[in-house]
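Nothing in this text is a laboratory measurement; each read-out follows from the coordinates by a stated rule. What you see is a predicted model, and the numbers here were worked out from it, not measured in a lab.
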Amino acid sequence: MPNYVNEQVTDSVTQVNTKVLGDTPATAMGNLMMTTSQALAISAQNLTTGQQQANVMWQAATVQGINALMNTGNAVTGKVTTQVLDLPAEPRR
């Protein structure tokens, strides 16, 4: 029995192999673009989370500063205020 393959079969296999080789660059670029877009999206999410956490920290620091000012005694506040305004501590007689 001769070792013969139909030419239509070899043409079909050749065409399929050529198509696979032609699709490879497009598939590789698609994978690259998907990976890049996912990395950029995660970076944007991390940036947003960082800003939110920084805002919470700044608000807490502001509240602590205001609490410290409000809890200072009146005598200390008056003394510091007179020093800031450069007024004499006691009225002159």
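Against the main long axis of the alpha-carbon atoms of the chain, helix 74-85 sits at an angle near 80°. For the range 9-85, the alpha-carbon radius of gyration amounts to 2.81 times the rule-of-thumb value 2.2 N^0.38 Å expected for a compact globular protein.
By how many degrees, 0 to 90 and rounded to 10, does the Cα axis of helix 7-70 deviate from the longest principal axis of the chain? The helix 7-70 is inclined about 10 degrees to the chain.
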